[in-house]
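The values are calculated or read from the model by the stated rules, or taken from the named source; none is laboratory data. Just so we're clear, the structure is a prediction, and the values are computed from it rather than from any experiment. No Cβ is skipped: glycine too gets one built from the backbone with ideal geometry, and neighbour counts run over all protein chains shown.
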Amino acid sequence: GGIITQTPKFLIGQEGQKLTLKCQQNFNHDTMYWYRQDSGKGLRLIYYSITENDLQKGDLSEGYDASREKKSSFSLTVTSAQKNEMAVFLCASSIGQGNTEVFFGKGTRLTVV
Amino acid sequence: QQNVQQSPESLIVPEGARTSLNCTFSDSASQYFWWYRQHSGKAPKALMSIFSNGEKEEGRFTIHLNKASLHFSLHIRDSQPSDSALYLCAVLNYGGSGNKLIFGTGTLLSVKP
């Protein structure tokens, strides 16, 4: 089995600050995703990538950048942190593109002060 | 743009009850349909998937899919306190720039002993 590691687990930033969240997977999966989950709610897709150096925007991409420089890693940057985006950010990966199970990391909880 | 909605938003049932969770989607071209479960403080994990109209049963869980009515559901037989979790439906959209897995708004299930 594999694992998805997200760092850091908790991230506290100042309003307006640029913040980067990192994700590593050792499944050797092609597709990786970043989702945002507000407290107890559903997941909203921010960015996804179907292969190394590929980036596709989700429905919530405004205010975020992403980078997939290696197959195993996918990072997300909050370009200017806002207080209303305190949430848990979940990284995920899958062999296929949604027709196979998506595996999730444990998340990074972002707090903006 | 795919819109995935779940109902009810939350649900409390007694142990042993039959529980029904609903998911509606807006894109009739959607291909794969998933249910994920997220226990409190944990990562979401896939429960079941279906891709053709009809019913699929795995243990106490059954999925029904009706593409014409843009609806699928999850039924839990003999609900257990360990089934208490956030249930997320997800729909796969095929696209030219890659396939997107869009999640619903979530149903919080609580099973009381």
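Descriptive notes on the structure:
- For region A:35-67, a residue qualifies if it is in a strand (DSSP E or B) and away from chain B (no Cβ under 12 Å), and the qualifying residues are A:TYR64, A:ASP65, A:ALA66, A:SER67.
- Taking the numbered list (1) without any contact (Cβ under 8 Å) to a residue 60 or more places away in the chain; (2) in contact with an Asp or Glu (Cβ under 8 Å, 6 or more places away or on another chain); (3) closer than 22 Å to B:GLY104 by Cα in turn, A:ILE95 passes all entries but (1).
- Filtered by the rule that a residue be surrounded by 16 or more Cβ atoms within 10 Å (Cβ to Cβ) and more than 11 Å from the chain's Cα centre (by Cα), region A:69-85 gives A:LYS71, A:SER72, A:ALA81, A:GLU85.
Residues are listed down the side, and each one gets a yes or a no for (1) over 19 Å from A:ALA92 (Cβ atoms); (2) touching a residue at least 40 places away in the same chain (Cβ under 8 Å); (3) of a type in the set (A, V, I, L, M, F, W, C):
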site: B:SER49; (1), (2), (3): no, no, no
site: B:HIS71; (1), (2), (3): yes, yes, no
site: B:SER82; (1), (2), (3): yes, no, no
site: B:TYR87; (1), (2), (3): no, yes, no
site: B:ILE102; (1), (2), (3): no, yes, yes
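- In region B:90-104, the residues that are at pLDDT below 70 and not hydroxyl-bearing (Ser, Thr, Tyr): B:GLY95, B:GLY96, B:GLY98
- Flag if B:SER30 is within 13 Å of chain A (Cβ to nearest Cβ), among the polar types (S, T, N, Q) and loosely packed, with under 15 Cβ neighbours inside 10 Å: no
- Verdict on B:LEU109 being under 24 Å from A:GLY105 (Cα atoms), within 14 Å of chain A (Cβ to nearest Cβ) and touching a helix residue (DSSP H, G or I) at 6+ places or on another chain (Cβ under 8 Å): yes
- The listed residue being crowded, with 16+ Cβ neighbours inside 10 Å and aliphatic (A, V, I, L, M), out of A:VAL102, A:VAL113: A:VAL102
- For region B:33-78, a residue qualifies if it is more than 11 Å from every other protein chain (Cβ to nearest Cβ) and in contact with a Pro (Cβ under 8 Å, 6 or more places away or on another chain), and exactly one does: B:ARG37.
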